[in-house]
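Below you'll find the structure, written out as structure tokens, and then a few comments.
The values are calculated or read from the model by the stated rules, or taken from the named source; none is laboratory data. If you're wondering where the values come from, they're calculated on a predicted model, not measured in any experiment. Every residue, glycine as well, gets a Cβ built from its backbone with ideal geometry; the counts of neighbours run over all protein chains shown. SASA here: full protein model, heavy atoms, side chains in, ligands and nucleic acids out. Shrake-Rupley method; radii C 1.70, N 1.55, O 1.52, S 1.80 Å.
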Amino acid sequence: MRYSGLQVIKEGLFGNKGWKPAWRDPAPKAEYDAIIIGGGGHGLSTAYYLAKNHGLTNIAVLEKGYLGSGNIGRNTTIVRANYFLQGNSEFYSHSMKLWEGLESDLNYNVMHSQRGLINLFHSDGQRDAFARRGNMMINQGDDAILLDREGVREHLPYLDFEQTRFPIYGGLYHPRGGTARHDAVAWGYARGADRRGVDLIQNCEVTGIDIENGRVVGVQTTRGAIKAKKVGMVVAGRSSQVAAMAGMRLPIESHILQAFVTEGLKPVIDHVISFGMGHFYISQSDKGGLVFGGDLDFYASYASRGNLPMVEHVMEAGMTLMPMIGRAKVLRSWGGIMDMTPDGSPIIDKTHIDGLFVDCGWNYGGFKAVPASGWCMAHLMATGTSHPVAARFKLNRFETGHILDEEGTGSQHNLH
């Protein structure tokens, strides 16, 4: 069924009895050409682009829970292409272009809203750094506007411009940045992959990876053994655990990143705002809730919940930037398990095991990367070569020293 406004009206007039399931619930087959471990945004987009771009349809996505039950539904939904380093810049620029055509491509409303992103700066040094970043974005073909203090006030009059501890000097405005509905992205890719023949297997946990003579031959699951010539590990914060099934130790640490949402409010925040002195970022959802977050909890964990000191830190940063939000009531919070690399940039690469591929290390950038990650992982699995925009996301860069340290904070996982 193709979705459209006309279809919504038609179904509403006839009792909504004609809607069909968005995807099938098939039993796993004994063998596939390719298996994707992980039914989140990156795994589903990989399967979709394998089918759409490369004509592979004998594919299974294996998810131990329900589709979209991981980080794809546990983030602050920000979409941006404001990276500085070559390697990251072209990748996220490609992802932004895919975002801009995603709803038409998937025939699914992912609520992509290009409301604009403003990164605030609070010192001369930060202004210089953001000017360099903006020039890099423009050179890459993306948009960037350097705002002075009054330019920021024009867009964001509700900020505290009188505080002297963290004075607002200006901001870098990225008009094409914005947000999207996180779970709708997973549902859209799932529906698109299913329409092209991909089997989406839920409640099917991978418990082992079968390897013979240095080549992957399949996986063991809670629903039986499944053979496959190619296997992609796309499991975000669980990457180290799944890779260990193949005898691999990845340069990944898993950390918790908390996010928060308030009760629904009338429209007040039109943009995505990032606070340069507190690593605080905020936007307003379509339902009216203020969605915001901050730093990692700074200790390794697989728990999908955070600790109270970081809650306090995030609230303090929010109150410092815009005291008005002190009147809002926090409705709920959640934690995502972030797969952190030593340099803060991702990995999309083949492993030393023939037919085994890995897509991980997304740090803070996982949601905005969903389209390009799937596009590039599909290209790698189908052709055996890295896509040009992901050519620097090699697994061996931590051995060779060709790191992509976007923030310049050094090789410590939890500082990125």
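In table form, for the structure just shown:
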{"quantity": "Residues within the range 367-392 that are within 24 Å of H112 (Cβ to Cβ) and either in contact with a Pro (Cβ under 7 Å, 6 or more places away or on another chain) or not in a helix (DSSP H, G or I) (or both), tallied", "calculated": "4"}
{"quantity": "Single match in T164, T207, T222 (criterion: touching an Asp or Glu at 6+ places or on another chain (Cβ under 7 Å), surrounded by fewer than 21 Cβ atoms within 10 Å (Cβ to Cβ) and hydroxyl-bearing (S, T, Y))", "calculated": "T222"}
{"quantity": "Criterion violated by I118 - all others in (1) assigned to a strand (DSSP E or B); (2) free of Cβ contacts under 8 Å to residues at least 24 places away in the same chain; (3) of a type outside the set (K, R) satisfied", "calculated": "(2)"}
{"quantity": "Condition broken by L265, with the remaining ones in (1) at pLDDT below 95; (2) in a loop (DSSP other than H, G, I, E, B) satisfied", "calculated": "(1)"}
{"quantity": "Unmet requirement for Y302, which otherwise passes all of (1) touching a Ser or Thr at 6+ places or on another chain (Cβ under 7 Å); (2) surrounded by 17 or more Cβ atoms within 10 Å (Cβ to Cβ); (3) not assigned by the TED database to the domain that holds A47", "calculated": "(2)"}
{"quantity": "Residue under evaluation I282, criteria (1) assigned to a loop (DSSP other than H, G, I, E, B); (2) within 17 Å of H112 (Cα to Cα), criterion not met", "calculated": "(1)"}
{"quantity": "Any pair with Cβ under 6 angstrom, 6 or more apart, that starts in the range 198-210 at a residue that is within 15 Å of V235 (Cα to Cα) and ends at one that is open to solvent by 10 Å² or more (accessible area, probe 1.4 Å) and of a type in the set (K, R)", "calculated": "C204/R223; E205/K64"}
{"quantity": "Check on L250, of a type in the set (A, V, I, L, M, F, W, C), free of Cβ contacts under 8 Å to residues at least 40 places away in the same chain and touching a Ser or Thr at 6+ places or on another chain (Cβ under 7 Å)", "calculated": "no"}
{"quantity": "Of residues in the range 321-352 being among the β-branched types (V, I, T) and modelled with pLDDT of 95 or more, the one surrounded by the most Cβ atoms within 10 Å (Cβ to Cβ)", "calculated": "I348"}
{"quantity": "Per-region count, the range 285-338, residues more than 19 Å from the chain's Cα centre (by Cα), of a type in the set (V, I, T) and not in a helix (DSSP H, G or I)", "calculated": "1"}
{"quantity": "Matching entry among D194, D183 (being under 19 Å from W375 (Cβ atoms) and surrounded by fewer than 24 Cβ atoms within 10 Å (Cβ to Cβ))", "calculated": "D194"}
{"quantity": "Flag for G232 being assigned to a strand (DSSP E or B), in contact with a helix residue (DSSP H, G or I) (Cβ under 9 Å, 6 or more places away or on another chain) and under 18 Å from I347 (Cα atoms)", "calculated": "yes"}
{"quantity": "Residue list for the range 373-415, filter: surrounded by 18 or more Cβ atoms within 10 Å (Cβ to Cβ) and of a type in the set (D, E)", "calculated": "E406"}
{"quantity": "I138 open to solvent by 50 Å² or more (accessible area, probe 1.4 Å), in contact (Cβ under 8 Å) with a residue 12 or more places away in the chain, in the same structural domain as I269 (by the TED database) and among the aliphatic types (A, V, I, L, M)", "calculated": "no"}
